[in-house]
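Undergrad: Below is the structure I would like to discuss, written out as structure tokens.
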Amino acid sequence: MRPGQLILLPAAAALLFLLSGLSLTSGCNKALCASDVSKCLIQELCQCRPSDGNCSCCKECMLCLGNLWEECCDCVGMCNPKNYSDSPATSKSTVEELHRPIPSLFRALTEGDAPINMMVVSFPVAEELSHHENLVSFLESLDNQHQNVSVPGNSIHASYDTQENMCTVVYFDDCVSIRQCKLYCESMGGSKYRWFHNACCQCIGPECVDYGSKAVKCMNCLF
């Protein structure tokens, strides 16, 4: 055995031990967190235990996990385990507009046969806007009681024929991180993206006026 291998073995053994602990943490979302958590553990940035009064590494660990901190902090013992039974990850999502969409590219990639490892879904804009209309109705009822509540304008409906326009979105088959989701959607020319907290990624096309569908349809990432 070469000297270099002797140095790597203890680190590899320690990493395997720590990763095996992920399965023992009932609230840990392993499908989403395993890759980033393993990176932070290899760098030994999440070794302290706040529950024991030691938070010396908390800041470094939070910076390492980045956007996944809230979802994955329990995987490294930094926060209390989450109870996903009350609100499943599929019911929550993060949305963002992309600054430089390329509508012609998105249309070209979603016409005809779907690219491998993706699923293209189209539905009426009216269906997409149903949640928006419910939100406006709710806020209007609040506005009647409290005059300082701002209500979204209805110009979004005036500028679109919701009966004819179709919203096209793309789902990736496999689970991805929020950073990968944003990168993939940018590379497709998408206008926005929706990343579900079970790690399902949806890229939203230029004809969509809100944030696409709230349904999780990633074939290998449904739960």
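The values are calculated or read from the model by the stated rules, or taken from the named source; none is laboratory data. Note that the coordinates shown come from a computational prediction; the quantities given were computed from them, not determined experimentally. Ideal geometry is used to build each Cβ from the backbone, glycine not excepted, and the neighbour counts take in all protein chains shown. What goes into the accessible areas is simple: the full protein's heavy atoms, side chains included, and nothing from ligands, DNA or RNA. Shrake-Rupley method; radii C 1.70, N 1.55, O 1.52, S 1.80 Å.
Undergrad: So how do C200, C55 rank on accessible area, 1.4 Å probe, biggest first, that is with the largest at the start?
TA: C55, C200
Undergrad: Please work out the FRET efficiency for the pair A114 and K214, using the Cβ-Cβ distance as r and a Förster radius of 30 Å; give the result to the nearest 0.05.
TA: Given R0 = 30 Å and the Cβ-Cβ separation, E is 0.90.
Undergrad: Given points 7 Å out from each Cα along the Cα-Cβ axis, report the R107 to F223 separation in nanometres with one decimal.
TA: 4.1
Undergrad: Ranked highest first by the average count of other Cβ atoms within 10 Å around their residues, in what order do 103-114, 183-194 fall?
TA: Result, highest mean Cβ count within 10 Å first: 183-194, 103-114.
Undergrad: Using the per-residue mean of other Cβ atoms lying within 10 Å as a proxy for protection, in what order, highest first, do the peptides 39-51, 207-219 fall?
TA: The packing order, highest mean first, is 207-219, 39-51.
Undergrad: With r as the distance between the Cβ atoms of L63 and S91 and R0 = 22 Å, compute the FRET efficiency 1/(1 + (r/R0)^6) and round to 0.05. Don't jump to the answer; show the numbers that get you there.
TA: Numbers: r = 28 Å, r/R0 = 1.29.
About 0.20, to the nearest 0.05.
Undergrad: What is the spin-label model distance, in nm, from H99 to E186 if the labels are put 7 Å beyond Cα along the C-beta direction?
TA: Using points 7 Å along Cα→Cβ, the separation is 0.9 nm.
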